[in-house]
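Inspection log for the structure reproduced underneath, given as structure tokens.
The values are calculated or read from the model by the stated rules, or taken from the named source; none is laboratory data. Not measured: the values here are computed from a predicted model. All Cβ positions, even for glycine, are placed from backbone atoms using ideal geometry, and neighbour counts span all protein chains on display.
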Amino acid sequence: MAVACGGTDGASVVAVAIGHSTVTATPAPAPPADHNPPASPSADPGPADGPSDGPVDGRVLVVLGNGDGTFGAATQLELGGGTSPQGIAAADLNGDGHLDLITSNSATGTLSVLRGDGRGGFGSASSVSAGVALPSTLTLADVNEDGTPDAVIVAPGSPGRVAVLLGDGAGGFGTASVLSAGTNLTSASVSDLNGDGHADLVVSSANSDEVVVLEGDGTGAFGSPLPFGLNGGSNPQATAVADLDGDGRPDVATANSQSSATFVNDASVLLNTTKRLRPATHQRRSDAPGHGFDRGRPGAPGRAVAAG
Ligand SMILES: [Ca+2]
Ligand SMILES: [Ca+2]
Ligand SMILES: [Ca+2]
């Protein structure tokens, strides 16, 4: 299950992609043939682990914020035949000023685009090939610097695959450019990691226990994979990019699933240097509750990061 958040006309919106068998629900009332309306919230989907009326797949749940920290009822949106959505993101894909939604659908190898109307409603989904089998997580960023969000999708396999689809500014996408990197990729983040002004990619490679950087040239093309180990971390499932040590360079953190022989979930931090990422520091989540890579600078008092 994946979640995207954003704002639409001053209100917050949370969208949740429902993959195969991850959430069960009473079927929603049938929507109009050509529109997913903002009103008439669907039936309560029920608890994720609760009793089931049958699996629901190929839908997203949209929950609109009330502006006071509470949220309205969820509305279910169809994905136009896409199933097992693994990734979801929100951005204005067609330049009309309203947030749109996009999902990456693993079982069908497609992306579903739902155009927002700015009032919490979304049109019927349109589909485009993801360019890779079993697309996993999805990230939107403008990698070719034309002002339109582009889609970056990762996929498992050996080698892992990264699909880059350039947005056309109308809510559609061009044919995917497929890159090879790492093994069994689980997530991607986009940031200018090397400071040349162009967006770069960093993907988590679960089976090789590393992150892989692909340097962008600003046209939507990317260079050869540059792998960086996690210094003890393993099986990274997600990446985050932020300037963690305050030196102005974006750093990389990974969330690692069952990262060692002791099966402890933990995180790795890779501090950025001018052109290359420094070897990772490594923190076991159970070492010091409340102390993380997001608190203090490396080596500062109270920071529970074990270098090595
Ligand atoms: Ca839009
Ligand atoms: Ca673009
Ligand atoms: Ca760059």
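Values as computed for the structure displayed
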| item | result |
| --- | --- |
| Hey, T108 under 21 Å from L165 (Cα atoms) and of a type outside the set (K, R) or not | yes |
| Selection count, the stretch 57-93, where residues are surrounded by fewer than 17 Cβ atoms within 10 Å (Cβ to Cβ) and either in a loop (DSSP other than H, G, I, E, B) or at pLDDT 95 or above (or both) | 8 |
| Selection count, the stretch 210-247, where residues are in contact with a strand residue (DSSP E or B) (Cβ under 9 Å, 6 or more places away or on another chain) and in a loop (DSSP other than H, G, I, E, B) | 16 |
| Among (1) more than 16 Å from ligand 3 (Cβ to nearest atom); (2) surrounded by fewer than 21 Cβ atoms within 10 Å (Cβ to Cβ); (3) in contact (Cβ under 8 Å) with a residue 60 or more places away in the chain - the single one I153 does not satisfy | (2) |
| Top-ranked residue of the stretch 109-138 - restricted to ones that are among the hydroxyl-bearing types (S, T, Y) and either modelled with pLDDT under 95 or buried (at least 22 other Cβ atoms within 10 Å of the Cβ) (or both), ranked as nearest to the chain's Cα centre (by Cα) | T137 |
| Filtered residues of the stretch 129-164 (kept if within 16 Å of ligand 1 (Cβ to nearest atom) and among the polar types (S, T, N, Q)) | T148 |
| Residues satisfying the stated conditions in the stretch 118-144, i.e. closer than 27 Å to S205 by Cα and either touching an Asp or Glu at 6+ places or on another chain (Cβ under 8 Å) or within 16 Å of ligand 3 (Cβ to nearest atom) (or both) | T139, L140, A141, D142, V143, N144 |
| Residue, nearest to ligand 3 (Cβ to nearest atom), within the stretch 173-206, restricted to residues that are within 19 Å of the chain's Cα centre (by Cα) and surrounded by fewer than 17 Cβ atoms within 10 Å (Cβ to Cβ) | D192 |
| Subset of the stretch 196-213 (residues that are within 16 Å of ligand 2 (Cβ to nearest atom) and under 19 Å from L165 (Cβ atoms)) | H198, A199, D200, L201 |
| Matching option when the condition is of a type outside the set (D, E), under 18 Å from the mean Cα position of the chain (by Cα) and more than 28 Å from S127 (Cα to Cα), among P149, P236, P156 | P236 |
| Search result, residues across the stretch 179-208 that are among the small types (G, A, S) and either touching an Asp or Glu at 6+ places or on another chain (Cβ under 6 Å) or over 10 Å from P236 (Cβ atoms) (or both) | S180, A181, A188, S189, S191, G195, G197, A199 |
| Of the criteria (1) crowded, with 19+ Cβ neighbours inside 10 Å; (2) at negative phi; (3) modelled with pLDDT under 95, which one D209 fails | (2) |
| A89, sole failed condition from (1) away from ligand 2 (no atom under 16 Å from the Cβ); (2) small (G, A, S); (3) within 23 Å of Q237 (Cβ to Cβ) | (1) |
| Identity of the residue in the stretch 78-108, under 14 Å from the mean Cα position of the chain (by Cα) and not polar (S, T, N, Q), that ends up farthest from R59 (Cα to Cα) | A91 |
